[in-house]
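Everything on this sheet refers to the single structure shown next.
FYI, it's all coordinate maths here, none of it is from the lab. In this text, all values refer to a predicted model and were calculated from it rather than measured experimentally. Glycine gets a Cβ as well: all are built from the backbone with ideal geometry, and neighbour counts include every protein chain shown.
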Amino acid sequence: MTFPKIIDVRAYVLRGGGADYHDQSSGHWIDDNIATPMSKYPNYRESRRSFGINALGTLVVEVEAANGTIGFAVTTGGEPAAYIVEKHLSRFIKGQNPADIEIMWDQMYFASQYYGRKGLVINAISGVDLALWDLLGRLRQEPVHAMIGGAVRDELSFYATGSRPDLAKEMGFIGGKMPLRYAPIEGNAGMQKAVDDIGEMRSRVGDDFWLMLDCWMALDLDYATRLAIAAHEHKLKWIEEALSPDDYWGYQALKKAVPSGMLVTTGEHEATRWGFRMLLEMECCDIIQPDVGWCGGLTELLKISSLADAHGKLVIPHGSSVYSYHFVATRHNSPFAEFLMMAPNSDKVVPMFSPQLIGEPVPKNGRLSISELDKPGFGVELDRTLNLHRPYKD
């Protein structure tokens with residue numbers, strides 16, 4: 001097929017929820033006394049916003065074809081990422097065939113490698129990549145999942161991440177992942193409180209419901225090992241992102257040390273096939289959890305998934321709404337998906353990337369029919385009534 005060339009790339013910044021899901025107001029469970037690597041500092045213990053977890057805000061990337069068709073995507077990165085998109089990455093996109101996504105990704109990555117490779121730069125590349133897939137789907141009038149191999153199942157099933165796994169069970173989710181609220185700085189007493197929290201939640205959800213613990217990089221190897229052993233009696237399905245994402249050796253040791261039957265998961269803050277190759281070849285975990293908006297976009301996630309498949313590992317993407325749904329629909333080694341409970345009290349199902357996406361599908365009774373993804377591109381629209389700010393122009 002012949003497609004109109006790309007004529008423009010635009011990067012906007014938004015504040016308040018959406019892709020930067022930590023950018024919430026006070027009282028939201030996602031910012032309520034959760035253990036973090038900053039918990040050792042009293043000034044930054046109670047709130048993740050206090051140390052700037054929401055400092056960047058949402059990045060919105062648009063790519064426009066010569067016939068006026070616009071593809072877009074949202075991720076995190078805010079104004080610094082917008083600068084990178086407009087001032088550097090756009091040169092590799094303008095004038096290109098929208099179908100040539102592979103070469104555009106390759107040029108963006110290797111042109112920025114000397115100052116990128118992970119973090120903010122890869123977030124920016126991810127945003128551009130997802131916008132390109134959205135544009136191509138709109139031009140072809142096909143959903144993204146149809147362009148990457150087609151669905152292998154009729155519906156997606158979800159586990160819920162939030163403060164109330166017991167309510168998630170009532171809503172039909174297959175499992176619930178709760179945040180760790182007590183950090184190593186709080187000593188053995190804090191660990192016992194964490195184990196008691198898990199035990200209390202297990203008593204509410206029963207023995208057959210999946211119960212997981214998200215540690216958000218807050219622990220060291222010794223503490224994580226002791227916590228996993230202490231929590232084993234409560235049938236914890238997995239312990240997630242217990243260590244710094246750069247501590248591959250610690251993850252390798254943790255996987256060997258946890259009780260039999262407990263899984264070790266990580267990868268939310270890992271990026272590109274090279275980072276995940278370390279996790280996989282070093283046997284660091286049982287499940288990898290790339291975020292498609294942070295790991296390099298869909299183009300890179302497909303490579304990561306193939307690598308994981310060859311190692312016999314599952315790929316359960318971190319959150320990311322429709323951007324991961326289209327991927328999960330097409331992969332045999334992604335049998336279920338994560339849903340972030342963005343209601344402040346985790347007591348109802350609301351769109352994950354609200355208010356930025358219009359038409360964002362949400363699971364019903366913990367399930368989502370693939371037919372709800374059968375719209376061109378990623379199948380959602382950008383709410384242009386929001387305060388979109390374009391700080392830079394190329």
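Just give me the residues in region 341-360 being crowded, with 19+ Cβ neighbours inside 10 Å and touching a strand residue (DSSP E or B) at 6+ places or on another chain (Cβ under 9 Å), in sequence order.
Met341, Ser346, Val349, Pro351, Met352, Phe353, Gln356, Leu357
Among (1) under 21 Å from the mean Cα position of the chain (by Cα); (2) more than 20 Å from Ser320 (Cα to Cα), where does Pro184 come up short?
In the conditions (1) under 21 Å from the mean Cα position of the chain (by Cα); (2) more than 20 Å from Ser320 (Cα to Cα), Pro184 misses (1) alone.
Does Ala82 qualify as being of a type in the set (A, V, I, L, M), buried (at least 20 other Cβ atoms within 10 Å of the Cβ), farther than 30 Å from Gly187 by Cα and touching an Asp or Glu at 6+ places or on another chain (Cβ under 6 Å)? Steps first, answer last, please.
On the way: of a type in the set (A, V, I, L, M): yes; buried (at least 20 other Cβ atoms within 10 Å of the Cβ): yes; farther than 30 Å from Gly187 by Cα: yes; touching an Asp or Glu at 6+ places or on another chain (Cβ under 6 Å): no.
So Ala82 does not fit the description; no.
What number goes with the only condition from (1) surrounded by fewer than 21 Cβ atoms within 10 Å (Cβ to Cβ); (2) among the small types (Gly, Ala, Ser); (3) assigned to a helix (DSSP H, G or I) that Ala99 does not pass?
It is condition (3) that Ala99 fails.
The conditions are (1) part of a helix (DSSP H, G or I); (2) under 22 Å from the mean Cα position of the chain (by Cα); (3) closer than 30 Å to Asp347 by Cβ; (4) free of Cβ contacts under 8 Å to residues at least 40 places away in the same chain, and Ala168 fails exactly one of them. Which is it?
Answer for Ala168: the failing condition is (4).
Go through region 344-363 and count every residue that is aliphatic (A, V, I, L, M) and in contact with a Leu (Cβ under 8 Å, 6 or more places away or on another chain).
Qualifying residue count for the region: 4.
In region 274-290, what count of residues is obtained for those that are in contact with a Gly (Cβ under 8 Å, 6 or more places away or on another chain) and either without any contact (Cβ under 8 Å) to a residue 40 or more places away in the chain or of a type in the set (Lys, Arg) (or both)?
Residues in region 274-290 being in contact with a Gly (Cβ under 8 Å, 6 or more places away or on another chain) and either without any contact (Cβ under 8 Å) to a residue 40 or more places away in the chain or of a type in the set (Lys, Arg) (or both): 5 in total.
Is region 231-244 home to any residue that is buried (at least 17 other Cβ atoms within 10 Å of the Cβ) and among the polar types (S, T, N, Q)?
No, because not a single residue in region 231-244 is buried (at least 17 other Cβ atoms within 10 Å of the Cβ) and among the polar types (S, T, N, Q).
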